[in-house]
1. Give me the pairs: first residue in the range 298-326 and more than 24 Å from GLN270 (Cβ to Cβ) and of a type in the set (D, E, K, R), second residue modelled with pLDDT of 95 or more and surrounded by 15 or more Cβ atoms within 10 Å (Cβ to Cβ), beta-carbon distance under 8 Å, and six or more apart or on different chains, which are they?
2. Is it true that SER146 is of a type in the set (S, T, N, Q) and at pLDDT below 90?
3. Would you be able to say whether some residue in the range 88-111 is at pLDDT 95 or above, out of contact with any Pro (no Cβ under 8 Å at 6 or more places or on another chain), of a type in the set (D, E, K, R) and surrounded by 14 or more Cβ atoms within 10 Å (Cβ to Cβ)?
4. Please identify the pairs in which a residue from the range 217-235 that is touching a residue at least 24 places away in the same chain (Cβ under 8 Å) has its Cβ atom under 9 Å from the Cβ atom of a residue that is open to solvent by less than 20 Å² (accessible area, probe 1.4 Å) and of a type in the set (Lys, Arg), counting only partners at least 6 apart or on another chain.
5. Mind listing whichever residues of the range 168-206 are at pLDDT below 85, open to solvent by less than 30 Å² (accessible area, probe 1.4 Å) and of a type in the set (A, V, I, L, M)?
6. Look through the range 11-33, keep the residues that are of a type outside the set (Lys, Arg) and not in a strand (DSSP E or B), and return whichever of them is most open to solvent (accessible area, probe 1.4 Å).
7. With open to solvent by less than 20 Å² (accessible area, probe 1.4 Å), farther than 19 Å from TRP222 by Cα and under 10 Å from the mean Cα position of the chain (by Cα) as the only criterion, which of LEU137, LEU121 stands out?
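The values are calculated or read from the model by the stated rules, or taken from the named source; none is laboratory data. Note that the coordinates shown come from a computational prediction; the quantities given were computed from them, not determined experimentally. FYI the Cβ positions are ideal-geometry reconstructions off the backbone, even for glycines, and counts take in every protein chain you see. Only protein heavy atoms, including side chains, enter the accessible area calculation; ligands, DNA and RNA are left aside. Shrake-Rupley method; radii C 1.70, N 1.55, O 1.52, S 1.80 Å.
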Amino acid sequence: MTDHAKNRPLFIKKGRDTLLLEPASGRYVPTKDVQEKFADLSKKSARNIDFEQAFLLSKIQTLKKQTHLAESYRNAAVSRLQSFLQEGYKCEPTGSRVGYGFFYYQDSFRTAFDTGTVIALDFIAPTQTGGNICNYLYLTATNRASKGVEALVYYSPQEDMRFRVFDPARIVNNNHDSGWQTNINITYNDLGDYLTKKTAHGNSYQVLSIQNQTSESQNGNWTNTVWLYNYRNNTYDQIYRFEYPCSKIEQKVYDPSGYGWWGPIVEVFQESCSNTNHLGFLQTHLSACDESGQWTEWETLLPTQSYLATKASVGFQEVFVEPNHSFAVH
């Protein structure tokens with residue numbers, strides 16, 4: 001538990017400015033809207049269609065394994081995602097695997113919010129993965145909401161890291177939107193203001209700090225918002241925002257999009273990994289908003305709220321783990 005952040009609102013107003021609470025330090029940080037800036041940067045960066053298709057295929061594969069979902073829901077979700085696959089990609093994926101990470105307990109913590117939920121964490125994100133990575137690898141998490149976004153760091157084989165946003169709410173609410181946000185396709189070279197070094201267990205790590213929020217507005221709609229921490233300006237920069245119609249029931253239960261049930265994970269697309277750089281997350285915090293619009297105190301992700309999902313055969317080994325909010329693997 002982060003004691004100095006107890007019983008404090010997530011946002012405060014200071015003059016015309018909106019300040020956002022940073023969980024690890026307990027400081028209120030000014031916010032800035034940089035969506036146009038990120039859109040301009042993204043225009044310089046070519047989309048990786050192959051990665052986008054592989055990502056969708058991994059979600060299809062994951063959905064097919066969710067036997068607790070009604071078969072009609074699973075089939076609808078799979079069919080929906082398959083509709084965004086381009087010709088030549090309509091085959092079974094090589095297979096994504098959770099190399100290491102934490103999943104939320106479905107019946108308790110995953111649905112423990114009323115009008116909003118937010119996750120804040122640091123990605124341990126080296127410039128390259130190193131090792132024998134010959135397919136895609138990404139670092140990702142959800143904020144528990146069924147239509148919340150994935151704001152993720154991803155790696156093409158032996159290339160520099162990139163940052164993308166995938167929003168399943170767009171798939172549900174727009175028949176022509178695949179969920180990938182073309183205005184957020186940021187390369188390592190454009191992330192300089194958002195990267196810093198932090199030390200954990202004697203090692204220095206390059207990190208990217210994020211808050212990913214889903215909340216209900218006064219008109220009954222919901223909004224997905226993503227902030228990155230700007231270490232040069234000491235601001236939380238809003239890089240993404242999308243408002244859409246949705247009920248509380250849809251946000252809190254498994255729906256055909258199949259989202260909301262994994263915390264910080266390392267996901268790979270090959271059977272065995274070796275000799276990689278350290279990958280992982282630091283200080284995973286979550287907060288929930290109640291019916292009156294009050295946000296709870298920040299809370300680190302605990303073993304009572306999540307469980308470890310790891311495939312030893314993939315090859316990742318623990319460097320350290322602080323159950324269940326921080327870890328590094330290689």
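1. Short answer, once both residue conditions are applied: GLU299/HIS285; GLU299/LEU286; GLU299/SER287.
2. yes
3. The first filter runs over the range 88-111 and keeps only residues at pLDDT 95 or above, leaving none.
No, the range 88-111 has no match at all.
4. TRP222/LYS147; ASN224/LYS147
5. Correct list: ILE171 only.
6. If we filter the range 11-33 for residues that are of a type outside the set (Lys, Arg), which is where we start, we get 11-12, 15, 17-26, 28-31, 33.
Then keep just the ones that are not in a strand (DSSP E or B); that gives 15, 22-26.
Working: GLY15: 76, GLU22: 29, PRO23: 5, ALA24: 51, SER25: 51, GLY26: 9 Å².
Top of the filtered list is GLY15.
7. Details: LEU137 fails: under 10 Å from the mean Cα position of the chain (by Cα).
From the options LEU137, LEU121, the qualifying one is LEU121.
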